[in-house]
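No lab work stands behind these numbers, since they all come straight from the coordinates. Predicted model, so just to flag it, every value in this text is computed and none were measured. Cβ: placed from backbone, ideal geometry, glycine included. Neighbour counts: every protein chain shown.
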Amino acid sequence: MPLDRILKDVGDFELASNIILGYDGTIVLSGGSVIKGKGDKRKERYCTLGFPIKLTKSGIKGFLTSRACPDSRYFVGDTEVGSGASIVKFDASRGLEYAIMIPNPNYWSETYSKSVLFHLNKYEYPQIPEQMLDIFLPLTASTKPPVVGVNVCVFGGVNKEMTCGAIVQFGVEINVLKPGTRGKEEFEHFYHTVKVEMIDEYESGYNGAPVYIAARIPFATEIIAAPVGQVVET
């Protein structure tokens with residue numbers, strides 16, 4: 001689902017560029033963090049935090065995620081890390097399916113929470129210990145819209161893994177599970193999606209995960225991420 005459609009619908013939000021107020025050192029939330037949503041009436045399930053955003057007028061900070069994730073309380077393990085905002089949307093005809101998670105300030109880092117997770121190839125970076133190959137990429141606003149064939153990556157899921165692929169088609173119609181149908185598995189036609197062919201299939205918990213273009217800055221070693229959209233459950 002294209003990110004620009006979500007931001008246009010939300011209206012007062014923009015991509016967060018300098019969010020975060022200190023954290024306690026145990027959990028750092030960012031785009032790509034896996035969370036467990038618990039609702040009052042819906043069964044708990046795993047989802048992934050998408051891109052960080054902020055409310056331009058009030059300065060409230062949060063993350064986009066999937067509307068399919070129960071939106072009352074959010075956990076990492078047994079730790080409650082945030083709650084759902086009142087802003088949720090499912091509008092299949094307009095290609096909109098999202099919720100906003102408001103984090104507990106203890107789990108923000110001014111250095112990292114404005115970023116998305118990325119996994120370095122262990123064969124390209126043999127000098128880095130394998131447990132340190134997951135890094136944070138700063139976000140950048142792309143000057144040009146993505147095109148067919150461009151490579152994209154997504155990080156998330158219960159197993160906290162990254163998969164990459166390429167954009168195949170824009171404006172695609174798909175069938176999605178309608179949120180709030182309480183296990184009846186009602187499907188609905190969902191429009192305006194971006195079809196991406198990934199090397200590996202999505203596993204459990206990828207709903208809401210950020211899809212981005214990872215690119216190296218010219219004449220530098222730093223890698224940055226240009227947002228494309230977020231994963232929609234099919």
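A few comments on the model shown:
- Label point distance in nm, V172-M198, each placed 7 Å from Cα along Cα→Cβ: 1.2
- Peptide packing for 195-203, 145-153, 59-67 was compared via the average number of neighbouring C-beta atoms within 10 Å per residue; ordered from the highest value, the list is 59-67, 145-153, 195-203.
- Candidates per GluC sites (Glu not before Pro) in the stretch 135-188, loop by DSSP, up to 15 other Cβ within 10 Å: E185, E186
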